[in-house]
Amino acid sequence: MESGPMATAVLHASSELETPERRHSPRETRNPSYISGERVDRLEQFQTLISMVRWVCLGVCALLLATSPGPHSRRDAVIFAGLALWTAVRTIRPIRNFGFELGTATSIIVELGVATAAVCATGYWSSPLSFLLLPGVLIGGFSDGGPLSVGYGTITSLFVTFVSIFHAGSLTTEQWRASGQWAVELMLVAFVAGLGHRVLLDTQRKHSAAVDGMAKLTAANTLLVSLHRLAQTLPASLDLNDVLATTIANANELFRPDSITVLLTEDSSLDLLVAASQGIRLPAAIPSDQIPAAIELARHTNNSTSLATFERPSEKALLPAAKSGIYVPLRARQSVIGFLAVEYFERGHDGDEQRELVSKFAEPAAVGIDNARWFGRIRTVAADEERIRIARDLHDRVGQSLAYIGFELDRIVRSTDDPALTTQVKRLRQDVSGVVTEVRETLYDIRTDVTPECGFIPTTEAFLERVQKRSRLEASFTHDQDSQLTVRQEREFFHVAQEAIVNVERHASATSVKVHWSCHDHLVVLEVTDDGKGFSQEGGRADSYGIRGMYERATAVGAQIEILGKPGQGTLVRCRMERL
């Protein structure tokens, strides 16, 4: 079984299911500066364009200075040189924006302030440096969108206009026209920059959603492939103990829990049977009033993939020291057949991805367990029906034939006067009567069985009492029981005991037989001991077919059987079952 690499692949896939939406904090979800969980500079995509616009505007300003009529003061040259240095610095260390931060707004205001001061110092709207207002408005639009960028442009144009009015007292028509033109240009640049900002954000969101979607699909595909490989490792055996052992082993390899338990339901009771467990000792069954609340919640959840989680100290776990756990209903044929309980000593093992993994694991496990249970029931029903058929045949054919022979022998005795013949026929009639008695007892043995109303102990007591009456055996029965097996398990143990007792009665030439029954939470032992002639371990016994039947019945419930005997020293049949 490739449980190691497979478990790694499945756990890796489950960790990949932790999508960005799950990992992000509420702040990251609300802030568009977080793309796929990482802090992103909004202006990074525009830096090349911004730098290009800066230098183009600076070049236009240099051209206007060189071609404008009239002499220019040394102050204009110094201001231009300062703006060239400022452009170089901002090209090397551009403004960045990682969200709605005060530092970014301050940098944009400083950018506009430097350009506005240069424009006001060199002639207001008639200044050849007016183009240097455009980069600041452009950065504002790319950074924070259209509305705020329009605000930057509006404030800048109003500031330059009001300062020029304050300085000159009034503006000419030409100056008002220039003011309006520059205001419109600044608004247009702000609008275009804001539109670019919106388009970029939409593109980034779509790209992020596509990447996240592909990550989810890839993780889900990996998980499905791994679970498919896991399903292929589930046992093809229809033996319940094999299925349970494989389920526990695979679950332990995948989830690394501190305890794992498989609980199965009973048709006739609300109690849960502990079918298998690891890392914890539990009784054979959990009474309905002691079932943890988390399992009760899972029991009454209608959703086929629903889960109930547990965290101490609010509720009670199967594992006393557990602090977190996952409880998954085992569903098959539209009904809950049991529960898978995975528990940990530490918190943090019941995340959404772990729950999904346990739930997916439980689906094929439930099918395998349910198939094994149905196979066991069918096998039991088939054995019962076969036993009844054999009993009916013995009664209808052999019994009636023997009765007819007996009647004929009685008629011969009545119709003959030969004393010698009469004596022989009477002896034969007694033999036939003995055979009829044996057939009747065999029919009783075949029909004797453990039922929900009559368990192992009363059924065995009644059988031994009948054996004592029909044979010279002295039979004794001792029992020590503080736990209950299922009807099917007790039935198989009874048939093992029955076969062993019948072998003693027919073949051991014994004077006594002792039966001991011990049934506890973790161990069940059945022992049948006689003081007969024993047998040779090498040579076997004449009733090997009966011994083979005992082995088959013991194996059916996961028990081990051993038959110990020596010639002249009696025989011990021991059937032992450890309960997980």
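Each value in this text was obtained by applying a stated rule to the coordinates, not by laboratory testing. All values reported here derive from a predicted model rather than from experimental measurement. Every residue, glycine among them, receives a Cβ derived from its backbone with ideal geometry; neighbour counts consider all protein chains shown.
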Got a sec to turn the phi values of segment 451-461 into Karplus ³J(HN,Hα) couplings, 6.51 cos²θ - 1.76 cosθ + 1.60 with θ = phi - 60°, whole Hz, x for Gly and Pro? 10, x, 8, 10, x, 4, 5, x, 5, 5, 4
As computed over segment 171-213, the Cα convex hull volume per residue (Å³): 27
Under 5 Å, built H, 5+ apart or other chain: amide partners of LEU330: ILE337, GLY338, PHE339, LEU340
Assuming 0.36 nm per residue, please report the length gained on full extension of the stretch GLN334 to MET214 beyond their Cα-Cα distance. 39.9 nm
Using a cut-off of 16 Å between alpha-carbon atoms, which lysines can reach LYS533, once sequence neighbours fewer than 8 places away in the same chain are excluded? LYS514, LYS566
Could you work out how much longer the chain between ALA77 and SER483 gets when fully extended? Use 0.36 nm per residue separation minus the Cα distance between them, nm to one decimal. 135.8 nm
Give me the distance in nm between label points sitting 7 Å out from Cα along the Cα-to-Cβ direction at VAL114 and ARG281, one decimal. 7.9
Residue separation between ARG466 and SER126 times 0.36 nm, minus their alpha-carbon distance, gives in nm 109.7 nm
